[in-house]
Amino acid sequence: MVQKIELSLFSDSNNITNESEAIKDRFKTSSFSFETHYIIDYIARYIRKEKAHKNQYKETEKKYRVTQLIIAIASPEYELMKYDETRHIVCRLIDPYLDIQILRGKQRTEAFLSIIYKASESFEELIPNIKDTFKRAIDSFRDENYKNIWIHQKKVLKGIGTVKLICELSIFEFKLDLVVEDKNEIYRKNIFTTMPDSIFYYQTFKSLVIDDDKISITDRIFEKPFFTISIDDIKKNGEGVFIDFEGEVEKATPWWSDFRTCIETTDDIPCPS
């Protein structure tokens with residue numbers, strides 16, 4: 001079963017002769033990875049949970065045992081490769097990123113989606129009908145208004161309603177919110193906000209725990225509470241308590257702040273420059 005999809009922009013570092021150009025090159029590849037992760041994450045999760053995909057590709061995956069699909073941008077020519085030992089399939093495409101750099105908003109997102117779908121047509125050579133699954137995932141992403149929001153976990157809190165850990169991954173950030181709902185939302189607390197890649201948030205949280213008088217969120221590594229709030233504080237719209245936790249994770253490095261400023265405030269100027 002395909003567990004992960006990766007979209008990567010590879011640099012041409014061998015042709016860089018000075019430090020200034022090297023910095024720009026690293027900026028370009030890093031920002032590409034961050035700004036496309038929320039799209040790839042949505043599609044990967046859609047494919048993992050889609051029953052039609054699981055049933056349709058059972059025999060194919062038994063044969064190839066593929067766990068990861070990689071879409072590689074900025075290689076010199078098109079090529080489809082299968083690595084038996086790592087169980088990866090890699091699709092290399094000619095660099096289309098220069099055309100994307102000046103795009104903004106929906107046009108920019110659609111350009112990335114077209115790259116992803118083009119790669120899925122290539123994966124078809126080894127995994128029949130995979131492009132149809134990709135198309136359904138992409139259409140679903142559009143139906144969700146290009147948003148990647150999911151419920152990490154939810155539990156019933158007797159006498160109050162439903163408690164949820166809600167994740168939102170965008171081009172600029174990842175957010176984790178604790179939400180309590182009855183018929184309507186009665187409490188929301190942003191637990192932390194960080195960079196838009198799972199390397200920054202995946203190990204941070206794991207479970208939602210409800211005791212007699214409080215709600216806790218545990219970390220993934222030690223499975224100990226790092227945030228707690230009493231039921232009474234929820235009713236009073238309180239803040240809760242962080243335990244051995246620095247609070248909000250650093251939102252952005254300087255170069256990512258520059259990228260965000262460029263995307264939000266300028267037109268017809270390549271980002272990153």
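The values are calculated or read from the model by the stated rules, or taken from the named source; none is laboratory data. Keep in mind the model is a prediction, meaning the values are calculated, not measured. No Cβ is skipped: glycine too gets one built from the backbone with ideal geometry, and neighbour counts run over all protein chains shown.
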Every residue from region 187-209 that is among the aliphatic types (A, V, I, L, M), at pLDDT below 90 and surrounded by 15 or more Cβ atoms within 10 Å (Cβ to Cβ): 195
Residues (assigned to a strand (DSSP E or B), among the small types (Gly, Ala, Ser) and within 21 Å of residue 168 (Cα to Cα)) located in region 207-233: 216
Those residues of region 124-143 which are within 22 Å of residue 39 (Cβ to Cβ) and either crowded, with 20+ Cβ neighbours inside 10 Å or in contact (Cβ under 8 Å) with a residue 40 or more places away in the chain (or both), in sequence order: 127, 129, 130, 133, 134, 136, 137, 138, 140, 141
Residues of region 82-130 satisfying the condition of being modelled with pLDDT of 75 or more, outside any helix (DSSP H, G or I) and not hydrophobic (A, V, I, L, M, F, W, C): 101, 104, 124, 125, 128, 129
